[in-house]
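The values are calculated or read from the model by the stated rules, or taken from the named source; none is laboratory data. Fair warning: this is a prediction, and the values are worked out from it, not measured in the lab. Please note: Cβ atoms are built from the backbone with ideal geometry, for glycine as well, and neighbour counts cover all protein chains shown.
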There are 2 protein chains.
Amino acid sequence: MATSSLFIAVDWGTSHLRAYLCEVRAQSTLKLLAQRDGPGVVKANQNFEQTLIDTIAVWKQEYGSLPIYIAGQITSSIGWHETPYLECPINPEGLLNAAVSFDCDGHIIKALPGTKCTLQNGLFDVMRGEELQILGFLKQNPEYQQGKILLCLPGTHTKWVLINNGEIICFKTAMTGELYDLLCHQSVLIPNDCAEGEFDFKAFEQGCELTLGSDSGNLAHGIFSVRTRQLSKELTPVQAKAYLSGVLIGSDVRAARHASEWQLLSDTQVVVIGTKQLNKCFTTALNQIGVKCVEFDIKTATLSGFNYLFNLESKK
Amino acid sequence: MATSSLFIAVDWGTSHLRAYLCEVRAQSTLKLLAQRDGPGVVKANQNFEQTLIDTIAVWKQEYGSLPIYIAGQITSSIGWHETPYLECPINPEGLLNAAVSFDCDGHIIKALPGTKCTLQNGLFDVMRGEELQILGFLKQNPEYQQGKILLCLPGTHTKWVLINNGEIICFKTAMTGELYDLLCHQSVLIPNDCAEGEFDFKAFEQGCELTLGSDSGNLAHGIFSVRTRQLSKELTPVQAKAYLSGVLIGSDVRAARHASEWQLLSDTQVVVIGTKQLNKCFTTALNQIGVKCVEFDIKTATLSGFNYLFNLESKK
């Protein structure tokens, strides 16, 4: 096996580091040989080089200094080696052109850039990592390379991304996952001793209804119902967690529906690219307001994006 | 000095314990002799009895076992001795009728009840402590005991309270202060090493504008601008904190304006009862949408409420 067909892909976001040992096979298909996880950008606490070295140490021992591709919040101003933001509209095939290369413990690392766009209210928005996942999704599903589609990439920060003919036109961020995490673990809403338990989709849908179907402001004034519905014994603490998730995701989806940057009518198809659990939550909320959607797996999209860039580079 | 004219008032909320040594003088007026602060309900971590004993130890040494009145989140299900929720509409003069008495280290403690109400969407809401502050405000400002007024009590949780002829009709809670605290100290929005600095009212007003003047959903999709406006160097981290406060308070005020439970037209007067800083923030936001408001001091209202109940009891 030529080492040139092996590489390491690192998706290093705010909350998680995910390192993948990848092998490229015939017809440029990718086989995932192994995965190792580590702390996200916040928890790594500026100790980035050592964190990465520790995470991939066993692979280095076996395969030597493989090339590394790295994407996500780690390339931002609060991360390691900062890369630029490319201005939308942009075709994500060009990501490598603005990558920043550097050496780390004998590995050559290529850190990918982020993207930015200006919204209709004059604010601008940014993302890092999702543009690679979008590239991967489009390469695996070329039928989506024509026409307009709205992508939803849920995670710590949900990204809603308008694509036209394979180009990223603009996008909006909602801090839904981060808010959930803070409110679930550090607010008065959920008891500290709340048991783990199966996600209650019925309670989730109740939460969605509160924010999806109501006047403006229900996130500000409605979120306290997570507590009052426990006081009234309508919800157990475990159910309340799912209900809280519904309140937040409902608000996120409602805002996306009303975003002036795109027309999210009932016949618009939304493509949700996330984990199985988040895909189910977002499609449930979108279906509640009559929006059709299809789901794709985020890890598959991520690996497809890295694979495309590795093959592009190898052919140079 | 007869010890019967001395008592201890304890306002023990989610975030702060505030104990006041009070002396009642001629015409039932109150003099605050001393104040001692301690940890709120969350930080006291179930160690309530010892926390209170420690906080008031110096007063016990000097004056013996004074009577204690206690109000706030400490009387809730996540607190110490739980008291009931009285159903609105309610006249807060009757609070003592549902107080729970118990002994603590030789002191007789009277723990005051909370109140609850059912909102138009079928959800119910609760408060503890604010009904005492409302009582105190109304006793000090009898001109507000006639007709309808809307009160705003900002804090960890903002309470918007509709009063009619001195009765609490209904109210709504927004977790604005708690959200600010979580997002300011534990999210990606504000850098960990952000300096303390003077509150920037211009940045605050910018934040308000984003959520006050815009379509629904701007809290979900707009809050990320706290970060992007730092990336674009429009805001320093210190300014970004004030901007974040504006985004949250603007959203809170917008939801209050549109609440179906009351008519908040431009000629409605809102009474804001809070600390000097929060009063300025909320009146600024309310003025931005053309709502007239007057400000009162929350500590004065709290002490007036305790004083009224102590005198009521003494006359029995």
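Below is a table of values for the structure above.
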read-out: Helices (runs of 4 or more DSSP H) within segment B:232-316 that include 1 or more residues over 28 Å from B:Lys139 (Cα atoms) and assigned by TED's automatic domain parsing to the domain that holds B:Leu138; value: none
read-out: Test: residue in segment A:74-81 that is within 21 Å of A:Phe310 (Cβ to Cβ), among the β-branched types (Val, Ile, Thr) and either at pLDDT below 95 or in a helix (DSSP H, G or I) (or both); value: yes
read-out: Strands (runs of 3 or more DSSP E) contained entirely in segment A:85-172, each with at least 1 residues that are surrounded by fewer than 18 Cβ atoms within 10 Å (Cβ to Cβ); value: A:85-87, A:100-104, A:107-111, A:114-118, A:148-153, A:158-164
read-out: Segment B:163-173, residues that are within 23 Å of B:Gln277 (Cα to Cα) and more than 11 Å from the chain's Cα centre (by Cα); value: B:Phe171, B:Lys172
read-out: Hey, A:Ile190 over 22 Å from B:Arg254 (Cβ atoms) and surrounded by 22 or more Cβ atoms within 10 Å (Cβ to Cβ) or not; value: no
read-out: Complete set of residues in segment A:179-192 that are facing another protein chain (nearest Cβ under 9 Å) and among the aliphatic types (A, V, I, L, M); value: A:Leu179, A:Leu182, A:Leu183, A:Val188, A:Leu189
read-out: Matching residues, segment B:153-178, being within 11 Å of another protein chain (Cβ to nearest Cβ) and of a type in the set (Val, Ile, Thr); value: B:Thr156, B:Thr158, B:Thr173, B:Thr176
read-out: Segment B:229-269, residues that are small (Gly, Ala, Ser) and within 12 Å of another protein chain (Cβ to nearest Cβ); value: B:Ser232, B:Gly250, B:Ser251, B:Ala255, B:Ala256, B:Ala259, B:Ser260
read-out: Subset tally (residues that are in a loop (DSSP other than H, G, I, E, B), among the hydrophobic types (A, V, I, L, M, F, W, C) and away from every other protein chain (no Cβ under 11 Å)) for segment B:193-227; value: 3
read-out: Qualifying residue in segment B:259-270 (condition: touching an Asp or Glu at 6+ places or on another chain (Cβ under 8 Å) and farther than 30 Å from A:Glu87 by Cβ); value: yes
read-out: The one condition in (1) of a type outside the set (A, V, I, L, M, F, W, C); (2) within 13 Å of another protein chain (Cβ to nearest Cβ); (3) under 22 Å from B:Ala19 (Cα atoms) that B:Pro92 fails to fulfil; value: (2)
read-out: Residue count, segment A:20-50 (criterion: touching a Lys or Arg at 6+ places or on another chain (Cβ under 9 Å) and under 15 Å from A:Ile8 (Cβ atoms)); value: 11
read-out: Odd one out for A:Leu210, checked against (1) more than 28 Å from B:Gly246 (Cα to Cα); (2) out of contact with any Lys or Arg (no Cβ under 6 Å at 6 or more places or on another chain); (3) at pLDDT 90 or above; value: (1)
read-out: Residue under evaluation B:Gly106, criteria (1) under 18 Å from B:Val272 (Cβ atoms); (2) more than 13 Å from chain A (Cβ to nearest Cβ), criterion not met; value: (1)
read-out: Residue match in segment A:208-216 (condition: within 22 Å of the chain's Cα centre (by Cα) and surrounded by 24 or more Cβ atoms within 10 Å (Cβ to Cβ)); value: yes
read-out: Matching residues, segment B:100-155, being in contact (Cβ under 8 Å) with a residue 24 or more places away in the chain and among the small types (Gly, Ala, Ser); value: B:Gly106, B:Ala111, B:Gly114, B:Gly129, B:Gly136, B:Gly155
read-out: Failed condition for A:Phe102, given (1) out of contact with any Cys (no Cβ under 8 Å at 6 or more places or on another chain); (2) among the aromatic types (Phe, Trp, Tyr); (3) closer than 30 Å to A:Ala242 by Cα; (4) not assigned by TED's automatic domain parsing to the domain that holds A:Ala256; value: (3)
read-out: A:Gly177 being in the same structural domain as A:Leu231 (by TED's automatic domain parsing) and either in contact with a Gly (Cβ under 6 Å, 6 or more places away or on another chain) or within 26 Å of A:Tyr20 (Cα to Cα) (or both); value: yes
